[in-house]
Structures are given as C-alpha cells and as structure tokens.
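Enquirer: The structure that follows is given in the form of structure tokens.
What follows is calculated from the coordinates using simple rules that are stated; it is not laboratory data. What you are looking at is a predicted structure, and each value in this text was computed from that prediction instead of being measured. So basically every Cβ, Gly included, is an ideal-geometry build from the backbone, and we count neighbours across all protein chains shown.
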Amino acid sequence: MDENLQEDWLDARLRDEAAYIDDGGFTAHVVQKLPAHRVRHSLRAVILLGVTVVASVVAYLLSGGGWFIAEGVTRFALLPLPVIWLCAAGATVVVMVGGLAAAMSKTGGRLR
C-alpha cells in the first residue's frame, strides 16, 4: 500500500517538474502526418465465429445430443464415497496451486 502511495507521489512530482522542450513544431507536424485510425469490421472474425458455432452444433448432434455428459455424471455419482472425496481434495489442491501461482506471478515471486 505504501509503495502505491509513493509511486503516485513520485509520478505527480515528475509530471509537475517536466518542462516542455520546444521543438519548433516538429511534434505537431509528425502527429499531423500520422494516418487516421480506421475502424475495420473484420470479416475474419465473423467467419471464425460462424464456423465455431456450426462446428459446436455438429459436435453436439454427433455426440448423441450430449448424452455422454449425463452418462459421465451418473458414473461419477456411482463411485464409492472415498473416491469422490479424493477427487474433491485433488481438485481443491489444483485450484489452490493455481491461485498461489497467479498471486506469485502478480507480485513478482514474493508473498507479502
């Protein structure tokens, strides 16, 4: 928290003290010569989205209407209770390790 306050103070101080260096209109000339930003509606995105939707519908129909999902849930529910607890514990560990890795990558490897 103190680091954020220090960085904000430092940024404000540097902005206040930064004097403009006169370049004889060079910057304005360069900015004027830049091409205008064009908004493109990409046909590629529409095609990819359409192909994805069609492929998803075909896969759903070829798999028997998603019947394999219901069958998998039924088989999992019929497993012995200790095996279900073990799967839940394993999933918990995987989620915790993922969260820890994300937190460490965000803080540069240090936990504080």
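Enquirer: Quick one, could you list the DSSP H helices from the chain stretching 18 Å or more along their long axis (Cα atoms) with average Kyte-Doolittle hydropathy of 0.5 or above?
Expert: Helices meeting the criterion: 43-62, 81-106.
Enquirer: Please list, by residue number, every one of the chymotrypsin sites (Phe, Trp or Tyr not before Pro) in the range 16-71 that is coil in DSSP and has at most 15 other beta-carbon atoms within 10 Å.
Expert: Taking the range 16-71 and a limit of 15 other Cβ atoms within 10 Å, the loop chymotrypsin sites (Phe, Trp or Tyr not before Pro) found are 20.
Enquirer: Taking 25 Å as R0, compute the FRET efficiency from the Cβ-Cβ separation of residue 14 and residue 95 and round it to 0.05. Please report the intermediate quantities before stating the final value.
Expert: Details: r = 41 Å, r/R0 = 1.65.
Efficiency at R0 = 25 Å is approximately 0.05.
Enquirer: How many nm is it between the label spots at residue 58 and residue 27, if each spot is 7 Å from the Cα in line with the beta carbon?
Expert: A separation of 5.5 nm, rounded to one decimal place.
Enquirer: OK, next. Using the Cα gyration tensor of the range 55-112, with a ≥ b ≥ c the square roots of its eigenvalues, what is the shape: rounded (a/c below 1.5), prolate (a/b larger than b/c) or oblate (neither)?
Expert: The shape class here is oblate.
Enquirer: Starting from 0 in steps of 5 Å, tell me what percent of the Cα-Cα pairs of the chain lands in each bin.
Expert: Histogram of Cα-Cα distances, whole percents per bin: 2, 7, 6, 6, 7, 8, 11, 12, 11, 8, 6, 6, 5, 4, 2, 0, 0.
Enquirer: Okay, next question. Which value in deg cm²/dmol, rounded to the nearest 500, describes the helix-derived mean residue ellipticity at 222 nm for the chain, given -39,500 (n - 2.57) per DSSP H run of n ≥ 4 and division by the residue count?
Expert: Working: 5 runs with 81 residues, N = 112.
Taken over the chain, the calculation gives -24000 deg cm²/dmol.
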